1. Please return the longest stretch of chain B lacking exposed loop sites, where chymotrypsin sites (Phe, Trp or Tyr not before Pro) count only if DSSP places them in a loop and at most 16 other Cβ atoms lie within 10 Å.
2. Over all residues in B:32-38, what is the mean tally of Cβ atoms on other chains that come within 10 Å of each residue's Cβ?
3. Take chain B, connect every pair of alpha-carbon atoms lying under 10 Å apart with a spring to form a Gaussian network, then pick out the residue of B:A221, B:A139, B:A78 with the largest mean-square fluctuation.
4. Could you tell me the extents of chain B's C-alpha atoms along the three principal axes, largest first, rounded to whole Å?
5. Summing -39500 (n - 2.57) over the DSSP H runs of n ≥ 4 in the protein assembly as shown and dividing by its residue number, what mean residue ellipticity at 222 nm do you reach, to the nearest 500 deg cm²/dmol?
6. For the range A:96-162, which whole percent of the accessible surface, found with a 1.4 angstrom probe, sits on carbon and sulfur atoms?
7. Just to check I understand the Karplus step: with θ = phi - 60° and J = 6.51 cos²θ - 1.76 cosθ + 1.60, what whole-Hz values come out for the range B:41-48, glycine and proline as x?
8. Report the local net charge at B:F186: Lys and Arg +1, Asp and Glu -1, summed over other residues whose C-beta lies under 11 Å from its C-beta.
Amino acid sequence: MTRVAMMVNGREVSGEVEGRTLLVDFLRQQLGLTGTHVGCDTSQCGACTVHVGGVPVKSCAMFALEAEGAEVRTIEGMAAPDGTLSVIQRAFQEHHGLQCGYCTPGMVMSAAGLLQVNPDPSEHEVRVWLEGNICRCTGYHNIVRAILAAAAELRGDAAAAA
Amino acid sequence: MYDFEFARPATVDEAVALLADEDAQALGGGQTFIPTLKQRLAAPSRLVSLSGIAALRFVRMEGDLLCIGGGTTHATVAREAAARFPALAALAAHIGDPAVRNRGSIGGSLANNDPSACYPAAALGTGATIVTDRNTHAADDYFQGMFTTALEPGEIVTEVRFALPEAASYQKFVQPASRFALVGVFVARMAEGVRVAVTGAAEDGVFRWTEAEAALEDDFAPGVLEALSLPAEGMIGDMHGSSEYRAHLVGVMTRRAVVAATASG
Ligand SMILES: Cc1cc2nc3c(=O)[nH]c(=O)nc-3n(C[C@H](O)[C@H](O)[C@H](O)COP(=O)(O)OP(=O)(O)OC[C@H]3O[C@@H](n4cnc5c(N)ncnc54)[C@H](O)[C@@H]3O)c2cc1C
Ligand code: FES
Ligand code: FES
């Protein structure tokens with residue numbers, strides 16, 4: 001076992017892991033952050049998407065020890081400490097961007113990654129970006145709608161968000 | 001997944017030393033290798049992660065060459081090669097999905113030499129040089145068949161050097177489930193001549209379509225390719241497409257690449 005330490009959602013955390021311990025297992029099993037889901041475990045579905053160093057990655061395709069010293073953000077770090085949802089999360093709620101919710105943490109983290117690099121994406125750009133996030137319920141339309149609405153709100157474009 | 005000792009050195013020299021053990025293996029972005037480990041198709045005793053080596057991550061011009069560090073992610077290449085080599089940046093921008101591109105590296109892709117991977121087409125299609133900790137390999141000698149390269153065990157791809165084409169394009173027909181290339185063709189008009197490299201199609205991995213190169217050398221226009229065709233023999237045939245279909249697609253994608261390269265160049 002090896003000691004690993006990183007910042008998760010702004011908090012310093014550490015634990016003992018094996019070489020083969022995946023980042024997603026460290027987050028879920030050792031830190032109890034079970035909002036990050038495992039859908040496929042084969043790098044296909046994106047349910048396990050978290051941010052490492054500010055960009056989205058699949059936490060099922062990264063070892064915990066590779067995140068040594070890194071800043072990690074999970075879905076639990078998206079809402080404010082008092083539980084107020086982030087703009088993107090609220091947009092998913094308002095636009096029915098989820099049904100069972102299994103894919104949602106990954107969708108939200110992936111969407112947040114998009115809006116960081118492209119605050120004003122077209123519908124096509126949103127759809128292309130979500131290529132690595134699979135949803136078996138919604139048919140994607142409302143997810144895309146939610147992300148476009150969140151983007152507009154974050155740009156301060158209240159009319160478009162309505 | 002079997003367990004292993006995990007090492008994360010900060011320099012190439014340390015990594016080379018750690019990889020000298022017989023059962024040690026390098027870990028790049030892990031986007032191919034971690035799924036392989038999960039399936040127990042590999043069982044290294046030690047994994048040497050290259051992710052802590054800052055010196056392996058760069059995109060810069062040296063003289064006339066665009067030089068990219070072996071550990072540079074696809075996302076970084078997509079961003080930082082865009083001004084100098086748009087066809088390469090576009091190739092990188094269409095590998096997998098955004099999360100894969102934030103981890104997967106050019107060195108890992110070239111070391112793996114998946115028969116359907118994109119970077120091998122760019123390297124062979126421009127005659128790039130693959131630099132390692134101990135050697136330099138010309139692309140023409142480097143790719144040696146499906147999942148096989150000139151690399152020795154423990155040899156690390158530290159840099160890839162690209163001469164810049166006068167005009168170039170990579171056209172990929174996406175296999176929609178895996179997002180790899182069902183067929184991908186890189187066409188480049190280089191100072192020394194036209195090169196055409198094909199990935200996804202052949203059982204032996206990436207290859208140069210020399211008849212197309214000769215025809216395009218005389219006249220860089222899609223029409224000259226109409227008379228050419230590739231035999232289905234030696235092409236991959238699977239549930240996604242027969243070998244005849246792939247042979248046909250090579251012609252289609254090559255013509256599209258010539259049209260796109262002409263528009264860009
Ligand atoms: C969902 C998904 C979609 C994808 N789509 C595409 C696609 O469309 N096109 C495409 O080309 N690829 C695609 N890939 C593969 C992706 O590009 C991988 O990143 C790449 O093939 C391997 O790079 P890596 O850095 O992740 O290497 P790893 O997976 O870490 O390693 C792969 C192999 O290379 C070795 N290695 C790694 N780095 C080095 C180095 N610097 N020097 C020597 N050896 C090294 C390892 O030991 C291992 O044997 C996809 C992957 C996924 C998961
Ligand atoms: S669980 Fe990681 S991509 Fe599906
Ligand atoms: S809401 Fe059920 S998988 Fe997306």
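The values are calculated or read from the model by the stated rules, or taken from the named source; none is laboratory data. All figures in this text were calculated on a predicted structure; none of them were measured in a lab. Neighbour counts are summed over all protein chains in view; Cβ atoms, including those assigned to glycine, are modelled from backbone coordinates with ideal geometry. The protein model used for the area step is the full one, side chains on, heavy atoms only, and it has no ligands, DNA or RNA in it. Shrake-Rupley method; radii C 1.70, N 1.55, O 1.52, S 1.80 Å.
1. Details: sites that count: B:Y2, B:F58, B:F147.
No qualifying site falls inside B:148-265, the longest such stretch.
2. The mean count of partner-chain Cβ atoms within 10 Å per residue comes to 4.
3. With Cα springs under 10 Å in chain B, the top fluctuation among B:A221, B:A139, B:A78 is at B:A221.
4. 56, 45, 31
5. Rounded to the nearest 500, the figure is -8500 deg cm²/dmol.
6. 55
7. 8, 9, 9, x, 7, 9, 10, 10
8. +3
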